[in-house]
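K.L.:
First the structure, then my questions, so here it is.
The values are calculated or read from the model by the stated rules, or taken from the named source; none is laboratory data. Bear in mind that the values here come from a model prediction, so they are computed numbers and not experimental data. Note that we place each Cβ from the backbone using ideal geometry, even for glycine, and neighbour counts take in every protein chain shown. Surface areas here come from the heavy atoms of the whole protein model, side chains and all, with no ligands, DNA or RNA. Shrake-Rupley method; radii C 1.70, N 1.55, O 1.52, S 1.80 Å.
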Amino acid sequence: MDDLVCGFDDSVLDATHDSNGRVKRYSLYASKWKKKHLYYRIVNSPHDNEAEKYRVQNTVARAIKLWSDASPLTFYEAKDGQKADFVVKFIKGDHNDGYPFDGEGGIYAHAFFPQDGDVHFDNDEIWALKQENSPKKDLFIIAAHELGHSLGLGHSKVDGAVMRPKYRDIMKHKDMEKLSADDTAAIQAVYGPCPKVEYWLKDLLKRRTKPAISKRRPSTCSGPFDAMFMGADMRTYVMRGRYYWRLNEEKMIGRPQPLLIKHRWPGLPGNVNAAVTSYYTKRTYFFKGDRLWRYNNNILDSSFPIKTKGTGLPKNPDAALVWGPKNRIVIFRGKKFWVWNEFTRKVDPGFPKLIRKYWHGVPNHLDAALRWKNGITYFFKSGYYWKFEDDFEKTAKCYPRPVALYWSSCGGTSLERYGT
Ligand SMILES: [Ca+2]
Ligand SMILES: [Ca+2]
Ligand SMILES: [Zn+2]
Ligand SMILES: [Zn+2]
């Protein structure tokens, strides 16, 4: 017997063939969610321990992102005591929902259609909770499949679709970062296409983020950020108030802890405005008020901090990043941006220019920005982020997205946590 991803029986719907016997691409179920913001709760993990649960959270969030990126749906992890629209859990044998699991092999998971949406994973399977090559059942790709059912989709017969019913077919795509055209067509047939950027922007463009609270030790770095940058060590750092976080690499477990800025960068005050590491000198620049600090890794270069007066740079910049094929340092403030030359320490002639004329779809009054190791540039504001691809020269249609879900390695997965 072929191992099936899930116990969902297509013959009930008979939806994969139309009346003329032609094979349909995807199939849809009769029900859909009546709202576009969905809350979910991860109840447990295979062995029910904290580190493992954190991995499950990240892996499920990665699977959810596939569907969210292709649709107007957004997902938030429900906080304790908060009502969830659907739950995700690991459970074995008969668990009183009329669809008992069958021990190892056979069926791996099942999910209920809206307005239920619950996803159950057979805990008699051995689960791979992160990307790895092993005979374990791949949680990411199976979660992606089951979430399709949770959102109202049936199975597909199209090669490459995550909604194919057999495990060996979807396993070929276990590293997928984007849904297939068939899955995308299916989810958009139910919920419509991605919202245009304007859909999100109405009030965001007007709003300025409040400065970060620096007195309490925060539990999450999910925003608002003071600054975000890649260090010379190619790690990603987030700053907020007196604290910084180093974002998790893929194989790390546990939530990153907030650490004191002054311990890592002696002499640097908290509440920085912006930070960026030079592509050429690997020095990290920190901007605050009318001063500029330059660090060689964690050592302050002599003669720094310096005043930015006379350089053409604005006081209190919003954000800084490295940009374009020439890897220029770009500084943002309000509605404008400047290109800054670290060798002459002067702003290039002709600047500032207006953000909206060159960075279509990117909001004014940013919180932070960075070019990440995937070469893609991200802008952050008010708990949302925008993705900006060099070759498109405009933000993708499905942005902005909430920071908390997609940058969850930063420790935040719930909307309420960013305090906006
Ligand atoms: Ca099973
Ligand atoms: Ca900032
Ligand atoms: Zn299925
Ligand atoms: Zn069940």
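Quick grid of which residues meet (1) open to solvent by less than 30 Å² (accessible area, probe 1.4 Å); (2) in contact with a His (Cβ under 8 Å, 6 or more places away or on another chain); (3) over 20 Å from residue 95 (Cα atoms):
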site: 124; (1), (2), (3): no, no, no
site: 144; (1), (2), (3): yes, no, yes
site: 149; (1), (2), (3): yes, yes, no
site: 156; (1), (2), (3): yes, no, yes
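K.L.:
Could you identify the single residue in 356, 371 that is open to solvent by 10 Å² or more (accessible area, probe 1.4 Å), at pLDDT 70 or above and closer than 16 Å to residue 321 by Cβ?
P.N.:
Going through 356, 371 in turn, the sole match is 371.
K.L.:
Another one. Would you confirm whether any residue within region 7-21 is more than 16 Å from ligand 1 (Cβ to nearest atom), modelled with pLDDT under 85 and either touching a strand residue (DSSP E or B) at 6+ places or on another chain (Cβ under 6 Å) or part of a strand (DSSP E or B) (or both)?
P.N.:
Here is the first cut: in region 7-21, the residues more than 16 Å from ligand 1 (Cβ to nearest atom) are 10-21.
Retained after the next criterion (residues that are modelled with pLDDT under 85): 10-21.
Still in the list and also either touching a strand residue (DSSP E or B) at 6+ places or on another chain (Cβ under 6 Å) or part of a strand (DSSP E or B) (or both): 17.
The answer is yes; a qualifying residue exists.
K.L.:
Quick check on my filter: what residues within region 81-107 are within 12 Å of ligand 4 (Cβ to nearest atom), of a type outside the set (Asp, Glu) and more than 25 Å from the chain's Cα centre (by Cα)?
P.N.:
Across region 81-107, the qualifying residues are 91, 92, 93, 95, 96, 98, 99, 100, 101, 107.
Residues are listed down the side, and each one gets a yes or a no for (1) at pLDDT 90 or above; (2) touching a Phe, Trp or Tyr at 6+ places or on another chain (Cβ under 8 Å); (3) of a type in the set (A, V, I, L, M); (4) on the phi < 0 side of the Ramachandran plot:
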residue: 58; (1), (2), (3), (4): no, no, no, yes
residue: 63; (1), (2), (3), (4): yes, yes, yes, yes
residue: 68; (1), (2), (3), (4): no, yes, no, yes
residue: 74; (1), (2), (3), (4): no, no, no, yes
residue: 79; (1), (2), (3), (4): no, no, no, yes
residue: 90; (1), (2), (3), (4): yes, yes, no, yes
residue: 102; (1), (2), (3), (4): yes, no, no, yes
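K.L.:
Does residue 120 satisfy being outside any strand (DSSP E or B) and open to solvent by less than 20 Å² (accessible area, probe 1.4 Å)?
P.N.:
no
K.L.:
Shifting gears a bit: Which ranges mark the helices (runs of 4 or more DSSP H) fully within region 158-217 that have 3 or more residues being open to solvent by 30 Å² or more (accessible area, probe 1.4 Å), more than 28 Å from residue 137 (Cα to Cα) and at pLDDT below 85?
P.N.:
On the way: elements: 167-171, 181-191, 197-204.
Hits in region 158-217: 197-204.
K.L.:
Right, another one. Please go through (1) under 20 Å from residue 224 (Cα atoms); (2) loosely packed, with under 14 Cβ neighbours inside 10 Å; (3) of a type in the set (A, V, I, L, M, F, W, C) for residue 299 and return the number of the only condition it doesn't satisfy.
P.N.:
(1)
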